[in-house]
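Asker: Just passing along the structure, written as structure tokens.
Readers should treat all values here as calculations from the given coordinates under stated rules, not as data from a laboratory. Since this is a predicted model, take the numbers as computed values, not measurements. We place every Cβ from the backbone using ideal geometry, glycine too, and count neighbours over all the protein chains shown.
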Amino acid sequence: MDILQTVFQGLVDLGASVFLPIVITLIGIILGMKPTKAFSAGLTLGVALVGMNHVMSLMTDSVGAAAQAFVQNTGVQLKALDMGWAPALGLCWTWEYAFLMFPVQIGINILLLAVGFTNCLNVDMWNVGNKVCTAFLVAYVSGNPAIGFACAIIQCVFELKNADCTKYRLQKLTGIPGISMPHPMFLAGIYYYPLTHFLDKIIPDSMNIDAQKIRDKIGIFGENHIMGFIVGCFIGIFGGYDYKEVLTLGVQAGTALTLFPMVAKLFMTALTPVSNGATEFMKKKFHGRDISIGMDWPVMAGRSEHWLMMILAIPVIFIYAIFLPGNIVLPFGGLMDICLIVPLFYLTMGNMLKMAIGTLIGLPLHLYVASYFAPHFTKLAQITGGASVPKGQMLAWFGIDISELRWVFAAASEKNIIAIVILVVTIPLAVYYFKSIKREDMEFAKELGIKTEA
Amino acid sequence: MKTIVVACGGGVATSQTCAVKLADLLEKNGISPSEFRIEAININSMPQYEKVADIYVSICGEGEKEFDLPTFNGVPFITGMGAEEELQKILEEFRK
């Protein structure tokens, strides 16, 4: 055991960009890949990590420096620079226990399918990173990785249950049968459902706008390079830069936002063989049984409502960020607040007016949660060397999936009284949510002409 | 040389998974990697790619805007169900 420990520690000490390629190569070979292909996948992960490190440096050197000038010039204390979901989840993979989450998620899924608790077979392996994130945050706050994994397991269970309870809703929205949505962000419904349910009562569905038409006009603002350029220029102007510096910063910021997803997709390239192996393994186990395939949210990404609302929300995010007392996050990488607006879309079936009200209420919560977790993500970057953080600055992730739940659990474990009270209230809210959402789902099934057992 | 684009919400996870799997299947069906380029993109960039791509593989269901491109369904490559039929359709487009 001691030798194993020493060997393992020795490997970890090599650093994530060397250690993780070895892990992926070994997993690939175990799953029956050709050693050359397994090595290629493994090395791709190393490339992804080093690449992400470089793009993060580009961001902190250019936008980060401007953000510090912005703070000095305006006196608005936004010292934590938001990196967005792509680098944040990438960073989570550098946690030393991250890869244990694959067998944990797959094992839990198989167990719950076997006992009939769920009918969802989750094949979305990107969001294993989301469980890694939960485990890391809890492990960091509590000092105990086991508690972190326990929370991640609870998250797995509720994700699957939520997928079961909303699969006809998803079919109605996408037209695709046989799929479901175990993405963690939809658990935000526990808190937002009472609101959207109330709005359903007072706002008729006919009060809506044609999102497609408006999106065709302003869709260009949703493109990463354009969004980055505009925001970069703004930060530069308020940072007191001259016009040349402002424009240069704009281009650099556009570059960072364009390169983030390009580098992040390398994580997926490296993980696809693992995800294939896992999916095949699980499918064989449950061959012939009526299961729904759990997917990541973009099966709904064709709808215009999300994107239009996300673009319209950006100026509001900045107003909130500047004027909310106690907020320290300067939004940048996560300007598209997917994890608030997509769940609202899901709950309201794409009603823009109801989504707008939910967005106005949710954005400040997301900013405060991002502020709360900023030291944690900064620490993660520092201990794993996943990204360099200049002195006096922090890294943040604005728009964390299930921001509300994650804050409640983390703050409650630190004995924050408000969080403990909310945690207690969360239990009946969750019961109410799951009951109501299931009932609505049965109504959707009826509309779709599907016979259900219960 | 044909350019295939796969689009999703960020051009990172779902679209890239689909792209890697599809590229693998195309190669296994005798299409050399030099004959195609496959790219995962953010769906907001579709209007730019509409002009340069030859084939669009969509992973979105109903409600999506129609693009002026031969469009195929990418969902089967992720769920694994119906992948063979969709692959045949794409291969047919390739041989045109």
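Asker: How many of the residues making up segment B:31-50 are within 16 Å of B:Met1 (Cβ to Cβ) and either away from chain A (no Cβ under 14 Å) or in contact with a strand residue (DSSP E or B) (Cβ under 9 Å, 6 or more places away or on another chain) (or both)?
Answerer: Matching residues across segment B:31-50 total 9.
So that you can scan it fast, the table gives a plain yes or no per residue for (1) within 11 Å of chain B (Cβ to nearest Cβ); (2) closer than 28 Å to A:Thr255 by Cα; (3) in a helix (DSSP H, G or I); (4) touching a helix residue (DSSP H, G or I) at 6+ places or on another chain (Cβ under 6 Å):
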residue: A:Ile314; (1), (2), (3), (4): no, yes, yes, no
residue: A:Pro325; (1), (2), (3), (4): no, no, no, no
residue: A:Gly350; (1), (2), (3), (4): yes, no, no, yes
residue: A:Met355; (1), (2), (3), (4): no, no, yes, yes
residue: A:Leu360; (1), (2), (3), (4): no, no, yes, no
residue: A:Pro364; (1), (2), (3), (4): no, yes, yes, yes
residue: A:His376; (1), (2), (3), (4): no, yes, yes, yes
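Asker: Related question: Which of the residues belonging to segment A:410-436 are crowded, with 21+ Cβ neighbours inside 10 Å and either farther than 30 Å from A:Val63 by Cα or hydroxyl-bearing (Ser, Thr, Tyr) (or both)?
Answerer: Across segment A:410-436, the qualifying residue is only A:Tyr433.
Asker: If you go through segment B:1-37, how many residues are among the basic types (Lys, Arg) and under 21 Å from A:Gly302 (Cβ atoms)?
Answerer: Residues meeting the conditions: 1.
Asker: Right, next: From the residues in segment A:204-223 that are without any contact (Cβ under 8 Å) to a residue 12 or more places away in the chain and more than 15 Å from A:Gly333 (Cβ to Cβ), which one is surrounded by the fewest Cβ atoms within 10 Å (Cβ to Cβ)?
Answerer: Taking the candidates together, the pick is A:Ser206.
Asker: Continuing with this model, one more query. Quick one: would you say A:Ala80 is over 21 Å from A:Met282 (Cβ atoms) and touching a strand residue (DSSP E or B) at 6+ places or on another chain (Cβ under 6 Å)?
Answerer: So A:Ala80 passes the test.
Asker: Taking segment A:224-240, which residues are surrounded by fewer than 20 Cβ atoms within 10 Å (Cβ to Cβ) and of a type outside the set (Val, Ile, Thr)?
Answerer: Passing the criteria: A:His225, A:Phe234, A:Phe238, A:Gly240.
Asker: Same structure again: Just to check your reading of the model, which residue among B:Lys65, B:Lys28 is out of contact with any helix residue (DSSP H, G or I) (no Cβ under 6 Å at 6 or more places or on another chain) and at the interface with chain A (Cβ under 9 Å from one of its Cβ atoms)?
Answerer: Exactly one residue qualifies, and that residue is B:Lys65.
Asker: Go through segment B:20-39 and count every residue that is touching a residue at least 24 places away in the same chain (Cβ under 8 Å) and closer than 14 Å to B:Ile78 by Cα.
Answerer: 3
Asker: Suppose the filter is crowded, with 24+ Cβ neighbours inside 10 Å, within 13 Å of chain B (Cβ to nearest Cβ) and under 24 Å from A:Met56 (Cβ atoms); does A:Met336 pass it?
Answerer: Criteria met by A:Met336.
Asker: I would also like to ask the following. Hey, among the residues in segment A:137-181 that are closer than 18 Å to A:Ala411 by Cα and in contact with a His (Cβ under 8 Å, 6 or more places away or on another chain), which one's surrounded by the fewest Cβ atoms within 10 Å (Cβ to Cβ)?
Answerer: Checking each candidate, the answer is A:Val141.
Asker: Could you please find all residues in segment A:246-271 being out of contact with any Phe, Trp or Tyr (no Cβ under 8 Å at 6 or more places or on another chain) and over 19 Å from A:Glu223 (Cα atoms)?
Answerer: A:Val246, A:Leu266, A:Thr269, A:Ala270
Asker: Return the pairs, sorted by first residue and then second, in which the second residue is outside any helix (DSSP H, G or I), the first residue lies in segment A:141-162 and is farther than 23 Å from A:Pro182 by Cβ, the beta carbons are less than 6 Å apart, and the residues are 6+ apart or on different chains.
Answerer: A:Pro145/A:Tyr97
Asker: Can you pull out every residue in segment A:261-308 that is under 16 Å from the mean Cα position of the chain (by Cα) and either free of Cβ contacts under 8 Å to residues at least 24 places away in the same chain or more than 10 Å from chain B (Cβ to nearest Cβ) (or both)?
Answerer: A:Lys265, A:Pro298, A:Ala301 - these are the residues of segment A:261-308 that are under 16 Å from the mean Cα position of the chain (by Cα) and either free of Cβ contacts under 8 Å to residues at least 24 places away in the same chain or more than 10 Å from chain B (Cβ to nearest Cβ) (or both).
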